[in-house]
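First the structure, in the form of structure tokens, and then the observations on it.
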Amino acid sequence: MKTELFQLMFCIELETSETKMDFIPPQTAGYSIVAFFFLSIILFLAWRSSVTKAAKLQQELGFANRTLSEISAQLSSIKNKYSGIIDIDSEITRQTDVLTSIKNEIEAIRASYREKKAIYDQLEREIAIFDEKIELSTLGYYEPHFDFGTSERFKAEIEAVRALQKDMLSAGAAAVCETEWRLNNSVREGKTMVNRAIKLTLRAFNNECDAAVANVRWNNISRMEERISKAKDAINKLNKSNNIEISENYFALKLNELRLTYEYADKLRQEKEEQAEERRRLREEQQLIRDQENAEKEERKFALLVEKAKAEAEKATGEDLAKLQNELADLERQLAEAQAKTERALSMAQQTKSGYVYVISNIGSFGHDVYKIGMTRRLEPMDRVRELGDASVPFTFDVHALVYSEDAPSLESELHRHFDKCRLNMVNNRKEFFRVPLKEIETRLKAVMPDIEILEAAEAQDYHQTLLIHNKADELEQQKLLP
């Protein structure tokens, strides 16, 4: 196509030139051929430039077409994508509605559960009042109502309450009827009917109260109180048509009898523990006396041996003298130790408050950060520690502090008061175990005795060896299971 175009343009140009040449003088014909040649070159260059531009435009047009196709594809993809998003939005809306419906159902179920749980708790509470096998902790901890110092005082108070009940029964004030009933139009027969109903009422109520008093214990005292209260309400409800009811004063006396009976038994238990503690204290006092006597006896023995060795040394010479002098020095040392022991035993026997405050632990039995803070007046305080670690616990105790004090009971009491909220047993204060970091005990002791030393590490030899044995056994079991 390029060649045809060139030939066409050349012919046009030639015809034009021939026409012109007719008018060109012969002397200028050579110049016309040269001009024609240069004009052809210019036209060729112009044509080549046009062709190049056309090719470039065609290339750009192809690129534009490809770009347009890609954009169209992207537009289609975006359209499909947004179409999916629209579908997702509708699905999210639907699922949100489902979730809201489920939440409403859950809330309705929870409301129904709370309602039924309240009914269940009420029924369980009512059953627990009459079922001794059910322990219902929701009845709460029993707070003592009386503060008598001895069990004898409790016993006397129980007798006084029972006497007041008899007086109310005799006076007809235990149960009353405010209505004057007539039977067969007779006031006397109506009064006889009311008296019989009152006797039946009191017999039923007293039997219920006697059963509660006879079976009251530490873990059912609150139930027994409610049992008596429920019995009164039930009997009064049955007698409502007769207008007969148990008096509040008689009901209060029955409650006091129940509480006094329980607290009397609890006081007896406390007194038994106090008596056991007193017997232990007396044994320590007697042991101190025996220790003093033994120390004095040992001192006299070494004193006699020293005198005898001195007498033999005066007569001996040479090697015998040197040997006796060594024996004499050893005997004098033992005599000095016996004298110091005698003085210490005498001092502890004379001073009823002197003794040792100890801080001990037993991680194998009670775990970490549990310490017993106690006191002993024994001449050898480790005897008491060994006694505590007897067959009643699986492992022996480790000693962290052993503090001598001329007023050991006061030091022990001060430590107990300071760590009172850390007690393991919040009911019986004679159980001297506390859950508290050893560092806090050390800080408190050093506030009283700055020079005291605390042994922080617990050896717990038996416990750790037991762990090693268990670990070894577990390893052997695992090896047996391996293929």
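Would you be able to tell me the number of residues in region 381-399 that are of a type outside the set (Gly, Ala, Ser) and surrounded by 15 or more Cβ atoms within 10 Å (Cβ to Cβ)?
Matching residues across region 381-399 total 9.
Being surrounded by 14 or more Cβ atoms within 10 Å (Cβ to Cβ), in contact (Cβ under 8 Å) with a residue 12 or more places away in the chain, part of a loop (DSSP other than H, G, I, E, B) and of a type outside the set (Phe, Trp, Tyr): is that true of Asn242 here?
So Asn242 passes the test.
Would you point out which residue out of Leu476, Leu455 is within 13 Å of Ile360 (Cβ to Cβ) and surrounded by fewer than 17 Cβ atoms within 10 Å (Cβ to Cβ)?
Testing whether each residue is within 13 Å of Ile360 (Cβ to Cβ) and surrounded by fewer than 17 Cβ atoms within 10 Å (Cβ to Cβ) leaves just Leu455.
Name the pairs whose Cβ atoms lie under 8 Å apart, with the first residue in region 466-479 and assigned by TED's automatic domain parsing to the domain that holds Ile363, the second assigned to a helix (DSSP H, G or I), and 6 or more positions between them or separate chains?
Thr466/Gly364
Among the residues of region 425-451, what is the count of those that are touching a strand residue (DSSP E or B) at 6+ places or on another chain (Cβ under 8 Å) and loosely packed, with under 14 Cβ neighbours inside 10 Å?
Of the residues in that region, 3 qualify.
Taking only pairs six or more apart or across chains, which ones have beta-carbon atoms under 6 Å, a first residue in region 405-434 that is modelled with pLDDT of 90 or more, and a second residue that is assigned to a loop (DSSP other than H, G, I, E, B) and surrounded by fewer than 16 Cβ atoms within 10 Å (Cβ to Cβ)?
Asn425/Lys431; Phe433/Leu424
Of the residues that make up region 250-272, is at least one touching a strand residue (DSSP E or B) at 6+ places or on another chain (Cβ under 8 Å) and modelled with pLDDT of 80 or more?
Yes, because at least one residue in region 250-272 is touching a strand residue (DSSP E or B) at 6+ places or on another chain (Cβ under 8 Å) and modelled with pLDDT of 80 or more.
Those residues that are outside any strand (DSSP E or B) and surrounded by 18 or more Cβ atoms within 10 Å (Cβ to Cβ), I need them from region 357-369; list them, please.
Asn362, Gly364
Tell me which helices (runs of 4 or more DSSP H) are completely within region 370-483 and hold 1 or more residues being within 30 Å of Lys267 (Cβ to Cβ), or say none if there are none.
The helices (runs of 4 or more DSSP H) meeting that bar are 381-388, 408-418.
With respect to the numbered conditions (1) in a helix (DSSP H, G or I); (2) within 55 Å of the chain's Cα centre (by Cα), which one is the sole condition not fulfilled by Arg217?
Checking Arg217 against (1) in a helix (DSSP H, G or I); (2) within 55 Å of the chain's Cα centre (by Cα), the one that fails is (1).
Scan region 352-403 residue by residue and report those that are touching a Ser or Thr at 6+ places or on another chain (Cβ under 8 Å) and of a type in the set (Gly, Ala, Ser).
Once the filter is applied, which keeps residues that are touching a Ser or Thr at 6+ places or on another chain (Cβ under 8 Å) and of a type in the set (Gly, Ala, Ser), region 352-403 yields Ser354, Gly355, Gly364, Gly389.
This table checks each residue for (1) assigned to a helix (DSSP H, G or I); (2) without any contact (Cβ under 8 Å) to a residue 12 or more places away in the chain; (3) within 54 Å of the chain's Cα centre (by Cα).
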residue: Met168; (1), (2), (3): yes, no, yes
residue: Thr179; (1), (2), (3): no, no, no
residue: Ala197; (1), (2), (3): yes, no, no
residue: Phe205; (1), (2), (3): yes, no, yes
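The values are calculated or read from the model by the stated rules, or taken from the named source; none is laboratory data. This one's a predicted model, so the numbers in the text were calculated from it and none came from an experiment. Note that we place each Cβ from the backbone using ideal geometry, even for glycine, and neighbour counts take in every protein chain shown.
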